[in-house]
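Just so it is clear, none of the values below were taken in a lab; they were calculated from the coordinates. Here the structure is a predicted model, which means the values were calculated and not measured. As a convention, Cβ positions derive from the backbone with ideal geometry for all residues, glycine included, and neighbour counts pool all protein chains shown.
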Amino acid sequence: MKKEEIMIDVDHVSMRFNLGIDKGFSLKQGFIDLFNKEKRKQKKKNEFWALKDVDFKIKKGEVVGFIGSNGAGKSTLLKVVAGVMKPTKGRVLAYGNICPMIELGAGFDMDLTARENIYLNGAVMGYSKELINSKFEEIVEFSELKEFLDVPVRNFSSGMVARLAFSIATIVEPEILIVDEILSVGDIAFQAKSEAKMLSMINGGTTVLFVSHSIEQIKKICNQVIWIEHGKIQKVGGKEVCDEYIEFMEKK
């Protein structure tokens, strides 16, 4: 595969978390722990590897779905690719600007109004004030929240927050789009509109990484599927991987 064809290169990535709760840390305590075998054993026992030697490449324009059981490591992987988390081992190379739609509304200030949060969240995503000004009406129209523009976001339902965040996140078409379960937010009509918006971005050549528990959605949208279990890649292929995953889950 030629390098210029690659948009994302996940190179032998592993991600470790420590499930233990440290009450405090000091250089003195760290030095003491070096000679405390029981302490080292306990830390080792508390280690959890969310990702284990994950390795794959994604070409420009590919739409890749990630499937797997709850806790398989899918969302952790997307956060690593988005740059939200740094892997314990390995590296991720991305050859294009990334729009991560992972935790919609994470950049909102709940005490500010929807109008104010459009500018705040846009700034968090790297959009200029001029761009937001030019896209403001488009954001409001898509979110269907015109009547609530001057209402503090703390009074919004979770669906309204997600609608506003999705509308802001999609005002530009990025080269790489990372989507984690966000097409299940809002009512049925907004879900359909969100899916149509994402499909239009896909048709425009955007490379997409998509996590969903809806296998039908994965089959409909994605042309490649990566199945992850216990932090390891089980299978990479076309839509037939979904059928193998369903068969696996039915036997559990």
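Computed quantities for the displayed model
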item: Cβ-derived FRET efficiency at R0 30 Å, V124 paired with N223, nearest 0.05; result: 0.45
item: Scattering curve values for region 109-171, log₁₀ I(q)/I(0), Debye with Cα scatterers, q = 0.16, 0.19, 0.25, 0.26 Å⁻¹; result: -0.41, -0.59, -1.06, -1.15
item: Those aspartates and glutamates that a straight Cα-Cα span of less than 17 Å connects to K135, excepting residues fewer than 8 apart in one chain; result: E116, E144, E173
item: Antiparallel DSSP beta bridges within region 143-252, as percent of all bridges there, nearest 5; result: 50
item: Cα-Cα over 23 Å, subset of K193/K252; K197/K220; K86/K252; result: K193/K252; K86/K252
item: Descending principal axes extents, the chain, alpha-carbon based, whole Å; result: 62, 47, 40
